[in-house]
1. With unit charges on the beta carbon (Lys/Arg positive, Asp/Glu negative), name the residue among Leu59, Ala148, Gly163 whose Cα is farthest towards the positive pole of the charge dipole of the chain.
2. If Lys and Arg each add +1 and Asp and Glu each add -1, what is the summed charge of the other residues whose beta carbon sits under 11 Å from the beta carbon of Phe208?
3. Just the number please: accessible area per residue for the stretch 76-159, 1.4 Å probe, all protein chains included, in Å².
4. Fully extended, how many nm does the chain gain between Ala222 and Ser78 (0.36 nm per residue separation, minus their Cα-Cα distance)?
5. Can you quote the Å³ per residue value for the convex hull of the Cα atoms in the chain, rounded to an integer?
6. Could you state the number of Å between the C-alpha centres of the stretch 67-104 and the stretch 214-275?
7. Once amide H atoms are built 1.01 Å from N in the peptide plane, which residues 5 or more positions from Asp26, or in another chain, come under 5 Å H to H?
8. Under a point-charge model restricted to the Cβ atoms of Lys and Arg (+1) and Asp and Glu (-1), what is the dipole moment magnitude of the stretch 66-198 relative to its Cα centre, in debye to the nearest 20?
Amino acid sequence: MRIVMKAAFAASIALLSLPFAAHAADKITIATVGSSSAMNWPLLVGIEKGIFVKDGVSLDLYAAQSSAAVQQQAAAGSVDMATGGLIDPLRAIDQGAPITVVRIEAKYPPYGLYAQKNIHSYADLKGKTLMVGGAKDVTRIYLQRMMAPNGLKPGDYDLIYAGATSARFASLQSGAVAASLLSAPFNFKAQSLGFTDLGTTIDYVKDFPFTAYSANIAWAKAHKSALQGFLKGYADSVAWFNDPAHKQEAVDILVKRTGAQPDDAAKTYDFFIKY
């Protein structure tokens, strides 16, 4: 999965270098943004293929409505780990939250900006209502990076917020917003429905990793073997995903776990492999 970085932080590397002993699977609870999505594909692959269990852990996934919310759950100890936009765990850590980043997940932000069919350019967005993840969400930064070189600045448009891409897509489809940032496979769904494609964040943001896994510090210290097993299982799941012989099965897993359309899922696979 080229869009998923192969390298982890130093703490992750150190954990992976430790001897790994087989034992009964340790349960890990992980908060994700929204219900299962393509951004969780390695998790879904690892669960479906039994890769995490082979590496000594079993995963329970819990959905929250925003990237900030999943970090709050990890900081409170309601879950062991969380995955969301990189900016949110870093902000939480800076404010003293008892969490630590254990792996950067995505090297590039895989979003597309899609608009209503009567909008044909960035200039048409002036004075319109747009939707991103949150007032302090990384998607707001991405949007500003896209708008500035196209002649629009904050204040030239109004913003409303929904943390999960599925909710932003629903708002675009209902006509509640003029445009929204959508991640795969919702970007391909919007494209197939004729919404205007105004470009991708990858064209504008090349120096800002997208997402990360964080862990509650107290849990991580008490469950080093489980965290080690998760990191190994995740790496093994990414390696499985990257094998082109597994494309169709990977697509089938995403369709099964997210309800994505097969064609959109296949396009998403090709998109992730490319980047």
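The values are calculated or read from the model by the stated rules, or taken from the named source; none is laboratory data. As the structure is a computational prediction, the values presented were derived from the model and not from experiment. Heads up, the Cβs are rebuilt from the backbone with ideal geometry, glycines too, and the neighbour counts pull from every protein chain shown. Areas reflect the complete protein model, heavy atoms only, side chains present, ligands, DNA and RNA absent. Shrake-Rupley method; radii C 1.70, N 1.55, O 1.52, S 1.80 Å.
1. Positive-end residue among those listed: Ala148.
2. On the way: positive: Lys107, Arg145, Lys206; negative: Asp207.
Overall, the nearby charge balance is +2.
3. Working: 3460 Å² over 84 residues.
I get 41 Å² per residue for this part.
4. Details: separation 144, 0.36 × 144 = 51.84 nm, distance 1.53 nm.
Stretched fully, the Ala222-Ser78 segment lengthens by 50.3 nm.
5. Numbers: hull volume 32.0 nm³, N = 275.
It comes to 116 Å³ per residue, whole-number rounded.
6. That distance is 20 Å.
7. Distant-sequence amide H within range of Asp26: Val57, Ser58.
8. On the way: 12 positive and 9 negative charges, 46 e Å.
Roughly 220 debye for the stretch 66-198.
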